[in-house]
Amino acid sequence: MIAPRLRGALFFSLAVVATACGNSGTEPSGGNTSGNEPTNPLTSVRIASGNGQVGLPGSALAPISIYVLKNQTGVAGASVTFAVTQGSATLSPTTATTDADGVASTKVTLGTATGPVVVTATVANTGLAAVFNLGDGNTTGTVTPACQIPGATASAPAVGGATTGLTGTGICLGGGTSGAEYALVGFYANPDSSQVATLSVHSTGGATPVFSASEAPAFNVTPSMSGARIGTRNLQASFSAHMRDMARRELTSKIPAARRVAQQHASFATIPANPSIGTLVTLNAQGEDACDNPITVTARVVAVSNQAIVVADTANPAGGFTNTEYAVFATTFDTLVSPLDVQNFGSPSDIDKNGKVIIFFTKEVNKLTPRGSEGVVGGFFFERDLFPTTSTAELQGCAGSNYAEMYYSLVPDPHGVYSDARSDSSVKTLTPGTLVHEFQHLINASRRIYVNNADSFEDTWLNEGLSHVAEELLYYRVAGLAPRQNITASVLGRSQAAVDAFNNYQGDNVGRYESFLDMPNGTSVYAGNDSLETRGATWNLLRYLADHRGTSDADTWSKLDNTALTGQQNIANVFGTNYMTQIRDWATSVFADDLTGQTDTRFSQPSWNFRNIFPQLVNNDNESLGSYPLLVFPLSDHGAVSTTVDAGGAAYIRFAVPANASVSVDWGVVTPLMQFTIVRTK
C-alpha cells in the first residue's frame, strides 16, 4: 500500500447538424458518423455564447454567437445563416460574417407564441451547423403549484421507480397510504460546458425530511474494510493535464505536416531494436517545455524485452534499481501493461521502427514534484516525442523531440537528493498504474497522428477519462475481476491482495469520483478544466456508457481511441446522437443505482455497487466514511432550494410526502436544457 497523494485519500444527430459546445474543447465537424476522418476535417463550429437562455414573451435575449474554426483557429470572413427552426422568434441579422476571431452573432427577440425556440446557425458551403436551444416564452412571473393546476392529479411511482422527461413548471406527487420519499434530479443538458444555470425549486404540501441533507440513503452498511482506501493523486493528475494542454496548444498545428514528413522520409531510430545492455544514449528529459529548453542527459540501456527498452539516467541517485529490477519492469510491460492497453485501445505507432516502447527512468521526473507536496508525479508521456526534430519546407520541427514512443518514470531516491525521499518499494508500487495510464495517452496521440489521420489531439477531459479507464482495467486484471459484476465491498476486501490491488490501481478513480459526489451540481462531466471532480465524473460516465452499450469493453474503447473526431462528437459517434439523454440517465444512476426497488436498467451502474462500497471505505486518518457521500439538498414544506448547476452537472433534491397527501414540487420556467427526473426512494 502506497502513501496517499492528496486530499482525503480513501483507500480500501451528427449526420448533418452537430450540437456544438463551448469551452469544453469539443469542436463538431459535420457530415460523418462512421468514425473515419470527417468530410471537412480542418473546419469546425462551436457555440461561443448564448445557448440555453430563457426570457419573457417578446423579450430580447443576449446575442447568440458561434465560432467558425479551421484547425482550431478562428476563420474570418465566413458567412453564417441563422434561422428559427422551431418556435416563435425574430433574428437580426439572419446572415452574419465572422469577425477576425471567427465569431458570428445575431440578436434574438422571443415571439408572443409559447413553446421552446430553436435557432440553427449554418456555415455557408460547408454543411456545418450549430443548434441553440432557447427559452420557453411561456412565463408570467407567477407559477401555479402543480397540484393546483385544473385537472391535475398526484402521481405516485412505485418505490424505486423513476420518471424522466418531466415537462411544465412542476410536478404533483402523492404519498400513498403510508407516505413516500422522492428525489428530484435536475440535469443541465447544455453541451456548452462553460454555461451555468440557476435552479430554484419550491415545495407546497410536503413534509420536513428526516434524512441527512448531505447524503443519499445508504444501504447494507457494514464495518469498514481494513486498509481499503480511496485516493486522488492530485499532483499526477494536474501535471498530466498540463502536458495534454501544452501539446494541444503548441503541437496541434504541426500534426498534418508531421504525418506527411513521416510518410516521405526514412525514420531515424533514437535507440535501435536490440541494443546491448550498457549502451549509452543521449535523451531530452525536459518535462515542462515541448520543443525548447532541452535537458540533455546520458542514459544507459539496462533491460531489453520483446516490447520494451528500459534506459536509466546515468546521474540517477544512488540506491536505485538494479538491472534485475529494471528487467522486471520490462517483463511487466510485456505481459501486463502493453497487452491490456493494446487490446483495448490499439497498438501505438512505431515511428522509430524499433518495434518497442522506451521506458526512461530519470531523476528529472523526481524534480517535477516540489518538496513537501502531498502527492507525486510518477511519470509521463509527452506528445512532443512523436514529432520530427528537424524543420523542412513544410514543417517547423520540434527540436526537443526524442522521436520515439517513450515513457518517463520516477526513480528511487532514498535520501531525497532531488525531491522528497522515494523508496524502492514505493516506486515499484506506483509505476504500473502510472504507466498503464500514460500508455493510453501514447496510443491515443500516436494513432491520431499516424494512423487515424486526425488533425488535432483528443479533448483533454475525454483523453484523461480513457486513461482512468485504463487504470480500472488494470485493477480488474490484477484482481481477477471483470466489468459488469456489480462489485461490492466484500469482493474488494476478500483478501489483503484484493485490498492492495484496489488501493494501487482503482482507489484513485474512486477518490476522484468521491470528489465529484461532493459537488455534482458544480461539476461538468465534459468540462475543459480537468478538475479532479471532472475526472471522477468522466471515468464513471465512460464506465456507465460502456456497460450499457451492449458490446465488449475493448470494442468501445477502441472506437473512442481510433477516430479523427474529438470530445462530444466522438462520444456521439460511438454511443449515438442521443448521447446527452444517456448522460442525463447516468446522472440519475449516480443517485438511483442499487436503490431498493430500483429495477429500471437505465439507472443502474452494472460494474460497481458504490452504495455498498463507500460506507466501508476509510480516509487518510483511518476514519470510516460511513455513508454514500452524494451531496443532496433537502426540501421542506413551503421551503425552497436555490442553487446553480453547471452544464453537464446535476442537482439532487430530496423531499417527503405525508400519507394520504400530495405535494407540489415546482421549478418554474427554466431553460429547456434543464431536464428533470423523479425517483421514488420510499
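Among ASN622, THR601, PRO634, pick out the residue whose Cα is farthest towards the positive end of the charge dipole of the range 565-641, where Lys and Arg carry +1 and Asp and Glu carry -1 on C-beta, about the Cα centre. Of ASN622, THR601, PRO634, it is THR601. Over the chain, all Cα pairs binned in 20 Å intervals from 0 give whole-percent P(r) values of 18, 47, 29, 5, 0, listed from short to long. Here r is the Cβ-Cβ distance between ALA482 and THR298 and R0 is 60 Å; the resulting FRET efficiency, rounded to 0.05, is 0.85. Distance from the alpha carbon centroid of the range 539-592 to that of the range 468-485 works out to 18 angstrom.
Other residues whose C-beta falls under 14 angstrom from the C-beta of ALA650 contribute a net charge of -3, scoring Lys and Arg +1 and Asp and Glu -1. Placing unit charges on each Cβ (+1 for Lys and Arg, -1 for Asp and Glu) gives the chain a dipole about its Cα centre, and among GLY375, ALA262, ALA154 the Cα reaching farthest toward its positive end belongs to ALA154. Dipole magnitude for the range 348-421: about 160 debye, using +1 per Lys or Arg Cβ and -1 per Asp or Glu Cβ, origin at the Cα centre. For the range 623-640 and the range 409-452, write down the distance between their C-alpha centroids in whole Å. Spelled out, the Cα-based centre of one part sits 39 Å from the other.
Both radii are taken from the alpha-carbon atoms of the range 243-363; with Rh as the Kirkwood radius, Rg/Rh is 0.98.
In the context of the full set of protein chains, residues of the chain present 34 Å² of accessible surface per residue (probe radius 1.4 Å, heavy atoms only).
When the solvent-accessible area of the chain is split by element, carbon and sulfur atoms take up 50 percent of it, the probe being 1.4 Å.
Segment LYS70..ILE149, full-extension length gain: 23.3 nm, with 0.36 nm per residue of separation and the alpha-carbon distance subtracted. Considering only Cα atoms, the convex hull volume of the range 597-682 works out to 180 Å³ per residue. If you look at the Cα atoms of the range 419-531, you get an Rg and a Dmax of 16.3, 47 Å.
The calculated 222 nm mean residue ellipticity attributable to helices in the chain amounts to -7500 deg cm²/dmol, summing -39500 (n - 2.57) over DSSP H runs of n ≥ 4 and dividing by all residues.
Full extension of the chain between ALA393 and THR643 gives 84.5 nm of extra length, using 0.36 nm per residue less the Cα-Cα distance. Under the convention that each Lys and Arg Cβ holds +1 and each Asp and Glu Cβ holds -1, the size of the dipole of the chain around its Cα centre is about 500 debye. Here the gap between SER238 and THR601, fully extended at 0.36 nm per residue and compared with their Cα-Cα distance, gives a gain of 127.2 nm. The lysine pair count for the chain, using Cα distances under 28 Å and pairs eight or more places apart or on different chains, is 13.
The values are calculated or read from the model by the stated rules, or taken from the named source; none is laboratory data. Predicted, not measured: the structure shown is a model, and the values here were computed from it. Please note: Cβ atoms are built from the backbone with ideal geometry, for glycine as well, and neighbour counts cover all protein chains shown. Areas reflect the complete protein model, heavy atoms only, side chains present, ligands, DNA and RNA absent. Shrake-Rupley method; radii C 1.70, N 1.55, O 1.52, S 1.80 Å.
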